[in-house]
1. Can you pull out every residue in segment 76-108 that is open to solvent by less than 10 Å² (accessible area, probe 1.4 Å), under 30 Å from Gly146 (Cα atoms) and more than 19 Å from the chain's Cα centre (by Cα)?
2. In the list Glu66, Glu130, Glu125, Glu86, which residue meets the criterion of being out of contact with any helix residue (DSSP H, G or I) (no Cβ under 6 Å at 6 or more places or on another chain) and at pLDDT 95 or above?
3. Can you report the number of residues in segment 150-164 which are aliphatic (A, V, I, L, M) and either open to solvent by 10 Å² or more (accessible area, probe 1.4 Å) or touching a Lys or Arg at 6+ places or on another chain (Cβ under 9 Å) (or both)?
4. Filter segment 61-75 for residues that are in contact with a Phe, Trp or Tyr (Cβ under 9 Å, 6 or more places away or on another chain) and either within 28 Å of Met374 (Cα to Cα) or surrounded by fewer than 23 Cβ atoms within 10 Å (Cβ to Cβ) (or both) and give the result.
5. If I filter segment 43-57 down to residues being at pLDDT 65 or above and small (Gly, Ala, Ser), which single residue comes out as farthest from Phe76 (Cα to Cα)?
6. Regarding Pro186, is this residue in contact (Cβ under 8 Å) with a residue 40 or more places away in the chain and not in a helix (DSSP H, G or I)?
7. Which residues, taken from segment 229-261, are modelled with pLDDT under 90 and assigned to a loop (DSSP other than H, G, I, E, B)?
8. Confirm whether Ser287 is at pLDDT 70 or above, open to solvent by 10 Å² or more (accessible area, probe 1.4 Å) and in a helix (DSSP H, G or I).
Amino acid sequence: MGKRKTQRKNAAMLDSDDDNSSVSSSSTMRSDRISVSGTEEVEFSKDSLLDEAVDALFEKRGSTREKALAVIMDAFNSNLQHQFVEKKFATLLHQCLNCIKKGSSKEISLASHTIGLLALTVGPEDNAREILEESITPLSQAFKSGSESSKIALLLDCLAVITFVGGNDPEETEKSMQIMWQLVHPKLGSNVITVKPSAAVITAVVSAWSFLLTTLDGWKLNPKLWQESITYLSSLLDKDDRPVRIAAGEALALIFEMGSIEKFTAEAKVSSDGSVSEGNKSKEGFSHIQGLKGKILNQVRVLSVEAGGKGSAKKDLNNQRNLFKNVLEFLEYGYSPETSMKVGGDSLETSTWSQLIQLNFLKRFLGGGFTKHMQDNEFLQDVFEFTPKRRNLLGGEHICNSEKRMYRSPNSVLNKARTQLLNKQRMLSEGRNIGHFAVNVGDEDS
């Protein structure tokens, strides 16, 4: 009863705002003075406001839960809420999952983004694994509950982030990628009704899929799976929507960087020494891959110099040209784009497509909170091999040198070391062997 009264009081506080459930500012979060019984004023700390917001997630009224989620999102975006998470991790996770299961599209969007922020806050530990295990089914079901592009995009972002942080094994990552892939390339069957995905959904799928692909070793994947993916991505380069073309171009550049197409070529050359039928089949496969490479190169060359048409946005056109100029230079000469950006007074640099895709995805996901997280979030600092000067002055690293920078390298040796390290620390059993992420392909070993 006491808890219920507290929840009602907190809900009344949230409902006292206007109906616009915009996210509260960080300055408002730091110190809100709320009138109690008309005479007494109490200054609530950020933790108190967060406690109230979590309690409000138990309320029946959807608008109350939406406002509470907006408050929580702002707090997690503007600061790392480690102490709060230690107290309320399980409650926050499961109430957010309940919001995804029964809430409106807006509530689902807010809750899924909050879960992603929660995963980035806890880092690659047991809690992150729990987030992934508990969320995978509700997220998969939420994809089927409606076709709103904005909601699906945020669900995809959530699935990508919680897998990126909490996924220990390639099989877990591939399972999440398969869920994404089937939104735009579903398995066909007699009982399957396909709905053509919007350009916004295709862009979100390819972006999230590529983000997770940066953590895998392409040489261990089935060539047929890659062929299916590359063919589809190549077809996206011919679409009218520029964001779709840009997302597909980045994904293709990443696949070339990983060496996946070269894997096909090498296997075709070796197996061509076998029987006549196998040799012919391998030669056909080799020819197909070479033809596909040539087609992609021509597509990229055209897009790198595309002229602007009537009504085309200049910024989008410039973004496309710059992206495909970089892809063309990489395909022809092997030069990956090098970038540098200021985070506070420090430089954050990338030198591979993998790093660039990770950086762009997380910048977009965190929005205005990106700088704060890069300055204080040790997991993200390890991902990008970034050490702020302030952290150097405060003392040594939080992990030893042998463990440094193992968390999300696309390099297969480091990725393997990361998996071994986390498995040893958590004493968890190896992940279940789950299928591949490409569509209409049988279960074959690579």
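The values are calculated or read from the model by the stated rules, or taken from the named source; none is laboratory data. As the structure is a prediction and not an experimental result, all values here were calculated from the model. Here Cβ is always computed from backbone atoms with ideal geometry, including for glycine, and neighbour counts include all displayed protein chains. Heavy atoms of the whole protein, side chains included, go into the accessibility calculation; ligands, DNA and RNA do not. Shrake-Rupley method; radii C 1.70, N 1.55, O 1.52, S 1.80 Å.
1. Of everything in segment 76-108, those that are open to solvent by less than 10 Å² (accessible area, probe 1.4 Å), under 30 Å from Gly146 (Cα atoms) and more than 19 Å from the chain's Cα centre (by Cα) turn out to be Leu92, Cys99, Glu107.
2. Working: Glu66 fails: out of contact with any helix residue (DSSP H, G or I) (no Cβ under 6 Å at 6 or more places or on another chain); Glu125 fails: at pLDDT 95 or above; Glu86 fails: at pLDDT 95 or above.
From the options Glu66, Glu130, Glu125, Glu86, the qualifying one is Glu130.
3. Of the residues in segment 150-164, the ones aliphatic (A, V, I, L, M) are 152-156, 159-162.
Okay, now just the ones that are also either open to solvent by 10 Å² or more (accessible area, probe 1.4 Å) or touching a Lys or Arg at 6+ places or on another chain (Cβ under 9 Å) (or both), so 152-154.
Here the count works out to 3.
4. Taking segment 61-75 first, the residues in contact with a Phe, Trp or Tyr (Cβ under 9 Å, 6 or more places away or on another chain) are 65, 75.
If the condition is that a residue be in contact with a Phe, Trp or Tyr (Cβ under 9 Å, 6 or more places away or on another chain) and either within 28 Å of Met374 (Cα to Cα) or surrounded by fewer than 23 Cβ atoms within 10 Å (Cβ to Cβ) (or both), then Ala75 is the only one that fits.
5. Here is the first cut: in segment 43-57, the ones at pLDDT 65 or above are 47-57.
Restricting the remaining residues to those that are small (Gly, Ala, Ser) gives 48, 53, 56.
Working: Ser48: 14, Ala53: 12, Ala56: 17 Å.
My answer is Ala56.
6. Details: in contact (Cβ under 8 Å) with a residue 40 or more places away in the chain: yes; not in a helix (DSSP H, G or I): yes.
Answer is yes for this residue.
7. Correct list: Gly259 only.
8. On the way: at pLDDT 70 or above: yes; open to solvent by 10 Å² or more (accessible area, probe 1.4 Å): yes; in a helix (DSSP H, G or I): yes.
In short, yes.
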